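Taking it in order: structure first as C-alpha cells, then the write-up.
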C-alpha cells in the first residue's frame, strides 16, 4: 500500500497505524534534522497532491479485514512532508473517524494554523502534535529553513489561536539541535510563547536519527534534562516528556515471524524505511521478526543489492532506503 504503513509501536501513541498523505517530500520547511531527507517541493500551497479517492479507497481496502481494527490503538495522519498541505486533509480525517472509530492523531509542523480552514479540519482529530522548534527568527531559519512564504510571527499566532479553539489533546513537540536553538535565550523566548498556548503536554526531542545535514547534532542528555526541568518549572501541571530518551512503549506480545509466513514483510520494512531510518532493533520491535539476527537476514540481500544502506549515528547503526 502506498499511503498506509504499520501498525508501528509508537513510543508516544501506542500501536499506531500511519496514513501518509503525500507522494513525496512536499513541505514548507526543509529542516536540517529531517530523517526523511531533503524537501523536493518547497511550498506553502495547499493542493490535491494525491486524489483523495485514492487514499480513501486504500483505507477502505485495509479495513475490509475487520480483525485489523483490533490490532491498533490509534490512527496517525502524517506525511513525508506537511500533511495539512493536502487540500483533501479534512475529508480524509472525517473518513477515518467514520470508518475506524479509533482515535485520530495528526503530526504537523504547525506552520499552517493561521489558515482558518486548516484549523477547522484539524478540529476533527483527537490528538494534535504540532512542532515549534524556535520562536527566534535567526534560529528558526537555521534549523527549519522555511519557504519564503512563511512568517514566524504568523505561525506563532496561528498556533496560539488553534490551541484555544481546539478541544482535543494538544502535545507540543520541540526539537533541539546543539548550538542552534538550545541556548538560554532560545529557551526563554520559547517559554514566552508557550505560556500563551493551551497545551496538554510538552515533548522535547533532539537529533536522535541520521539527519539530513551532518551539522545537525544532538543536544546532550544533561542539557535536555536541564531544559526539561525549566519547562516543567515554568509550566506546572504540564507534563514534559523527553522523547530522545526513548520512553517505553506499550508491551506487545512477541511472536516469531518467518519470512515464508509473511511474504510481504520485506516490502513492509521498505515502506517503513521510506519514511524514516530504523535500527535493526526498531524493525524487530515494529514487525516482530523474531530477533535482531532474523532482521539482519532479511536486510542483508537488500544491502548487497544497494536498495538500502547503513549509516552510523552516535552509537547506533541505521538502515536507510537508497535514493532511486
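Below are the figures for this structure:
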item	result
Failed condition for residue 99, given (1) in a helix (DSSP H, G or I); (2) within 30 Å of residue 38 (Cα to Cα)	(2)
Residues located in the range 182-210, provided they are farther than 18 Å from residue 238 by Cβ, assigned to a loop (DSSP other than H, G, I, E, B) and in contact with a strand residue (DSSP E or B) (Cβ under 8 Å, 6 or more places away or on another chain)	182, 207, 208, 209, 210
Check on residue 13, surrounded by 16 or more Cβ atoms within 10 Å (Cβ to Cβ), farther than 19 Å from residue 100 by Cβ, in the same structural domain as residue 97 (by TED's automatic domain parsing) and touching a strand residue (DSSP E or B) at 6+ places or on another chain (Cβ under 8 Å)	no
Looking only at the range 101-117, and only at residues there that are surrounded by 19 or more Cβ atoms within 10 Å (Cβ to Cβ) and free of Cβ contacts under 8 Å to residues at least 40 places away in the same chain, the one that is nearest to the chain's Cα centre (by Cα)	107
Filter result for residue 208 (at pLDDT 75 or above, in the same structural domain as residue 168 (by TED's automatic domain parsing) and touching a helix residue (DSSP H, G or I) at 6+ places or on another chain (Cβ under 7 Å))	yes
Residue identified as part of a helix (DSSP H, G or I) and either touching a strand residue (DSSP E or B) at 6+ places or on another chain (Cβ under 9 Å) or free of Cβ contacts under 8 Å to residues at least 12 places away in the same chain (or both) among 176, 172, 159	159
Of all residues making up the range 281-308, the number that are in contact with a strand residue (DSSP E or B) (Cβ under 6 Å, 6 or more places away or on another chain) and either in contact (Cβ under 8 Å) with a residue 40 or more places away in the chain or loosely packed, with under 14 Cβ neighbours inside 10 Å (or both)	2
In the range 279-293, the residues that are at pLDDT 80 or above and not in a helix (DSSP H, G or I)	279, 291
Residue selected from the range 47-75 under the condition free of Cβ contacts under 8 Å to residues at least 60 places away in the same chain and crowded, with 17+ Cβ neighbours inside 10 Å, by the criterion nearest to the chain's Cα centre (by Cα)	75
Residue among 98, 82, 138, 154 that is surrounded by fewer than 21 Cβ atoms within 10 Å (Cβ to Cβ), in contact (Cβ under 8 Å) with a residue 24 or more places away in the chain and out of contact with any helix residue (DSSP H, G or I) (no Cβ under 7 Å at 6 or more places or on another chain)	154
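The values are calculated or read from the model by the stated rules, or taken from the named source; none is laboratory data. What you see is a predicted model; the values in this text were computed from it and never measured. Cβ sites come from the backbone with ideal geometry, for glycine too, and all protein chains shown count toward neighbours.
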